[in-house]
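Colleague: Would you mind keeping the following structure in view while I ask a few things?
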Amino acid sequence: MAEDIIEIPALRVGIVYPQTAESKSSLQPEQRLEETVRLAAAVNLEVAFAEIVRLRQIRSDAYFGKGAVSRFRAAAEKEEIGLLIVDAALTPIQQRNLEKALNLKVIDRTALILEIFGERAQTREGSLQVELAHLTYQRSRLVRSWTHLERQRGGAGFLGGPGETQIELDRRIIDGKIIRIKKALEKIKQTRGLQRAARKRVPYPVVALVGYTNTGKSTLFNRLTSADVFAENLLFATLDTTMRRLKLPSGREVILSDTVGFISDLPHELVMAFRATLEEVLEADIVVQVLDASNADFKQQRRDVLEVLHSLGLDKIEYQNNYLEVYNKTDLVPSFSAAPAGAVKISALTGSGCKELLQRLDTVLSAGGRIVSLEIPAADGKTLSWLHRNGEVLSARTKGDKTKMEVRLDPAAASRLNALLNQKAD
């Protein structure tokens, strides 16, 4: 007889977004609140209530005034919630005072996103990066972390306890963990560097998919490469960089890279932790930003992504020839006409526009190429075939046992050709 499966019920939560004159969110209050509700849904939280709270000033002790705190307490009791999410950055003192006043666990936006990342990371590198970000965030607080999700996935809660002695002990333990994780990540970074060096010796152009979370990057990745990357209508469905080889219409082969999604006000701890992963974007030959045409706020999401790319060192990437914008989910908005000139409109779900996208990638790679004149033995079918697959053959004329050719090659293909010819010479 099979054992009964015990399901842990979804935790009931309340969400409040404090709107002040100093609010710096790039989204409108209603859109910001809706996004946070979706963030909560991404980790199976049941939202009992969600509201915008307009504040004249932020209190240093508990963020909200006594009247607002009293309302939250009444709503929490009525709705039987076990957690309050404050969609802002709370100081440790504000968080502790709110918890005491409400007799309830309270977390802020950063902690919520960290919980989602902890749930989503699959590879060892992704898990280590999330843990590093979580410990860095936790170190400044040294209070017991929210453990509802930790119980679900079998992990350990964060340390914490009363008294100065316990705090100092916790700090040393956390510092020790941070040091060990950084060393482990450094080894992974070295391995990644060796892998990049190997690709450069026999290089393929790299095409990196970037974009706001839930714009359909992974669905597009699966459509183009016939891969099976996890793709659902959830925020942060993908955290770990995935790479697959992709053949373009010309026969040229590239490496397609699917990266972590971005979000407005992405916690600094996470930007820094995932910098190593995002280095793949820095070295990409083409950066493709995937936008959600069905989202009314796609223009602001575009700006948020570009802001993160700029912070990584890709200054003014949007003005470069190797930057391409793709407007996805056009099956939901057939009359979509807001895409700028040069952008590609697609539906990764139905495949519409994907052929045009592949052709555009070919065009972009060719535009950055140079014309190479060379003479190949007519019997060297392998090299001749390679040139047709990886470049644009402008002319080919066979005379005797030699074939003279003019071929347009992108920088990566030109470097790879040199490596192939050198191997033959040896």
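Coordinate-derived values only; no laboratory data. What you are looking at is a predicted structure, and each value in this text was computed from that prediction instead of being measured. When we count neighbours, we look across all protein chains shown, and the Cβ atoms used for this are built from the backbone with ideal geometry, even at glycine.
Colleague: Give the calculated FRET efficiency between Glu406 and Lys316 to the nearest 0.05, with a Förster radius of 45 Å applied to their Cβ-Cβ distance. Before the final figure, lay out each step's value.
Modeller: Numbers: r = 33 Å, r/R0 = 0.74.
Step by step, r from the Cβ atoms, then E = 0.85.
Colleague: Also: Subtract the Cα-Cα distance of Lys189 and Ile371 from 0.36 nm times their separation in residues, and report this length gain in nm to one decimal.
Modeller: On the way: separation 182, 0.36 × 182 = 65.52 nm, distance 3.53 nm.
The Lys189-Ile371 span can extend by a further 62.0 nm.
Colleague: Mind giving me the nanometre distance, one decimal, between the label points for Ile173 and Ala378, set 7 Å out from Cα along Cα→Cβ?
Modeller: 7.8
Colleague: Label-point separation (nm) for Lys182 and Leu332, each offset 7 Å from Cα along Cα-to-Cβ?
Modeller: Placing both labels 7 Å along Cα→Cβ, they lie 4.1 nm apart.
Colleague: Moving to a separate point now. For the range 35-92, which GluC sites (Glu not before Pro) pass both filters: DSSP loop (anything but H, G, I, E, B) and at most 15 other C-beta atoms within 10 Å? Don't skip to the end; give the middle numbers.
Modeller: Details: sites: Glu35, Glu46, Glu51, Glu77, Glu79, Glu80; in loops: Glu80.
Here the GluC sites (Glu not before Pro) that fit, given the DSSP loop and packing criteria, are Glu80.
Colleague: Also, quick follow-up: Ratio of the range 316-426's C-alpha Rg to 2.2 N^0.38 Å, to two decimals?
Modeller: Working: Rg = 18.8 Å, N = 111, 2.2 N^0.38 = 13.2 Å.
Against the compact-globule rule of thumb, the ratio is 1.43.
Colleague: Past 19 Å, Cα to Cα: identify those pairs from Lys66/Lys100; Lys247/Lys355; Lys316/Lys345; Lys189/Lys217; Lys217/Lys316, in the order given. Present the calculation step by step, with values, prior to reporting the outcome.
Modeller: Numbers: Lys66/Lys100 13 Å; Lys247/Lys355 12 Å; Lys316/Lys345 23 Å; Lys189/Lys217 24 Å; Lys217/Lys316 22 Å.
Over 19 Å apart, Cα to Cα: Lys316/Lys345; Lys189/Lys217; Lys217/Lys316.
Colleague: Give me the one-decimal nm value for the distance between modelled label points at Gln28 and Glu307, 7 Å along each residue's Cα-to-Cβ direction.
Modeller: In this crude spin-label approximation the distance works out to 1.8 nm.
Colleague: Quick one: P(r) of the range 369-425 from all Cα-Cα pairs, 5 Å bins, percents rounded to integers, in order of increasing distance.
Modeller: 5, 20, 34, 27, 13, 2, 0
Colleague: Rounded to the nearest 0.05, what FRET efficiency is calculated for Ala296 and Arg73 with R0 set to 30 Å and r the Cβ-Cβ distance? Please report the intermediate quantities before stating the final value.
Modeller: Values: r = 35 Å, r/R0 = 1.16.
In this case the efficiency is close to 0.30.
Colleague: Could you tell me what percent of the DSSP beta bridges with both partners in the range 11-112 are antiparallel, to the nearest 5? Please report the intermediate quantities before stating the final value.
Modeller: Numbers: 1 of 18 bridges.
Beta bridges within the range 11-112, antiparallel portion: roughly 5 percent.
Colleague: For Lys404, list the lysines whose Cα falls under 19 Å from its own Cα; do not include residues on the same chain fewer than 8 positions away.
Modeller: Within the straight-line limit of under 19 Å, Lys404 reaches these lysines: Lys382, Lys424.
Colleague: A further question follows. So between Ser140 and Glu80, what do we pick up on full extension, going 0.36 nm a residue minus the alpha carbon distance?
Modeller: On the way: separation 60, 0.36 × 60 = 21.60 nm, distance 2.98 nm.
In short, 18.6 nm is gained.
Colleague: What do you get for Rg/Rh over the range 11-112 if you use C-alpha atoms and the Kirkwood form of Rh? Don't skip to the end; give the middle numbers.
Modeller: Numbers: Rg = 12.5 Å, Rh = 13.5 Å.
Rg/Rh: 0.92.
Colleague: Rank these for me by crowding, His134, His310, His388, going from fewest to most other beta carbons within 10 Å. Can you show the working numbers first?
Modeller: Numbers: His134 23, His310 13, His388 16.
If I rank by nearby Cβ atoms, fewest first, I get His310, His388, His134.
Colleague: Shifting gears a bit: What FRET efficiency would be calculated for the residue pair Leu349, Leu282, taking the C-beta separation as r and a Förster radius of 35 Å, to the nearest 0.05?
Modeller: Calculated value: 0.75.
Colleague: At a 10 Å Cβ-Cβ cut-off, how would you order Phe64, Phe49, fewest neighbours first?
Modeller: On the way: Phe64 22, Phe49 16.
By the 10 Å Cβ count, ascending, the order reads Phe49, Phe64.
Colleague: Once you have the Cα-Cα distance between Val393 and Arg244, take 0.36 nm times their residue separation minus that, and quote the gain in nm to one decimal.
Modeller: 51.1 nm
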